[in-house]
1. Could you give me D for the range 314-376, from Stokes-Einstein at 4 °C and 1.567 mPa s, where the hydrodynamic radius is the Kirkwood radius over C-alpha pairs? Units µm² s⁻¹, please.
2. Would you calculate a helix-derived [θ] at 222 nm for the chain, using -39,500 (n - 2.57) for each DSSP H run of n ≥ 4 and dividing by the full residue count, to the nearest 500?
3. Identify which of the listed values of Cα Rg over 2.2 N^0.38 Å was calculated from the structure shown: (i) 1.12; (ii) 1.61; (iii) 1.19.
4. At q = 0.15 Å⁻¹, what log₁₀ I(q)/I(0) does a Debye calculation on the Cα points of the range 75-190 give, no solvent, two decimals?
5. When averaged across all projection directions, what area in nm² does the alpha-carbon convex hull of the range 1-96 cover?
6. Considering only DSSP beta bridges where both residues belong to the chain, give the percentage that are antiparallel (nearest 5).
7. Within 15 Å, Cβ to Cβ, of residue 369, how many net charges do the neighbouring residues add up to if Lys/Arg are +1 and Asp/Glu are -1?
8. Before anything else, pin down the relative contact order of the range 49-197: Cα pairs under 8 Å, at least 6 apart, normalised by residue count, whole percent.
Amino acid sequence: MQRIVVSSVGTSLLTQQIDRRVSGESDWYITLRDRANLKFDEIDDRAKEIILTLQKRAIQKLNSSDVQTIRAASAELNGIYGIYDGNLSQGKSDTHFLISTDTAQGETTAKIVESFLQQQGIVNVSIYKPDGLSTASTTNFSEGIDELIVWLQNNIEPLKNNYKVIFNLVGSFKSLQGYLNTIGMFYADEIIYIFEGQGSEVITIPRLPISVDIDAIKPHTLTLALLDAGMELPATEMQGIPEALLGDIDDCKVLSTWGQLIWNKAKDELLSQDLLNFPKLIYQDTFRSDYKSIKVAKERVKLQETLAQVSGLLTESNGDTSIIKQHTGLQYDKYTNKNGIDHFRVTQGLRVSCISSNGELTLRRYGKEPVVNKNP
């Protein structure tokens with residue numbers, strides 16, 4: 001079975017190239033440490049020069065024909081070599097993702113590793129850099145992790161039936177490594193580490209039989225769906241929801257990193273069941289009948305996610321539909337010569353017809369666009 005290898009990337013490949021014995025380089029590590037969370041457009045010229053110098057040295061080190069020298073230089077490559085028993089030619093048909101922090105040093109290191117793997121014949125390799133991911137602040141780190149979880153859900157989860165997913169956590173910052181270790185229990189078939197020291201073997205941690213307790217969160221499906229749609233809700237509406245699933249913004253609650261992870265695992269089952277009674281939405285019998293006729297679970301999930309989004313926007317605007325019109329993905333518009341009936345998009349080929357009245361939407365029909373358009 002082909003493999004997808006997700007490798008976290010640190011910056012040791014750069015910092016190891018500092019020669020503290022050379023005059024003028026003894027303070028390079030401190031310079032890089034103090035700028036570890038900055039992007040290229042945020043760092044000074046001296047730091048840029050240091051990074052470029054170390055980049056050249058690292059590339060030169062990796063151009064060595066000695067595998068042990070290469071593995072000693074890069075923790076990330078050490079892990080990847082370990083996966084293939086020291087022979088990268090075994091991985092030419094595999095897909096590699098390098099998870100980088102959104103920083104100058106992280107991006108530089110990831111590009112060095114990417115280029116090296118491509119030179120070795122592993123062409124299916126790319127860098128994923130969650131926007132803002134750094135340890136500059138708790139907010140930056142949490143938002144970056146949130147984006148990473150969404151990316152894993154959208155890009156890795158659908159491939160798990162056809163690929164073996166391996167998380168290579170030999171490199172990266174300890175803070176990121178700790179999160180990925182837990183996240184990997186949901187998305188990876190294996191997590192690998194390597195003890196430090198020449199000739200150390202790969203440590204493989206198989207995926208544990210972790211499952212989400214659906215029954216525990218099922219009573220809160222409506223609230224969690226609204227939070228997932230981006231709503232910020234008062235704490236008074238969170239009774240019974242495990243605290244670990246929630247985060248705080250001002251005086252309101254949102255999904256935490258772990259809440260998002262748990263919801264991603266549970267939503268397909270929960271949202272494919274009964275039609276939820278979202279605020280500001282009223283269902284005509286024709287709409288309920290259209291919903292019940294949906295045979296594909298994922299189609300039900302997508303519809304209910306869209307309804308949660310529309311409900312959240314209406315609640316935020318106190319029933320003003322202009323906020324929905326501003327959302328380009330929903331393409332909310334009014335039919336011509338259809339007695340004031342509106343419609344919005346679920347997917348490119350699926351529509352919901354509705355009527356706006358007294359700050360609420362009455363949903364009339366759901367289905368393929370030509371069918372709904374003909375009889376909204």
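The values are calculated or read from the model by the stated rules, or taken from the named source; none is laboratory data. The structure presented is a predicted model; accordingly, all values stated were derived computationally and were not measured. Cβ: placed from backbone, ideal geometry, glycine included. Neighbour counts: every protein chain shown. Ligands, DNA and RNA are stripped out before the accessible areas are found, and what is left, the full protein with its side chains, is counted by its heavy atoms. Shrake-Rupley method; radii C 1.70, N 1.55, O 1.52, S 1.80 Å.
1. For these conditions, the coefficient is 110 µm²/s.
2. The helix contribution divided over the chain gives -12500 deg cm²/dmol.
3. Recomputing Cα Rg over 2.2 N^0.38 Å here gives the entry labelled (iii).
4. -0.67
5. The directionally averaged projection comes out at 7.3 nm².
6. Antiparallel: roughly 55 percent of the beta bridges in the chain.
7. Counting the neighbours of residue 369, the net charge comes to +4.
8. Relative contact order for the range 49-197 comes out at 20 percent.
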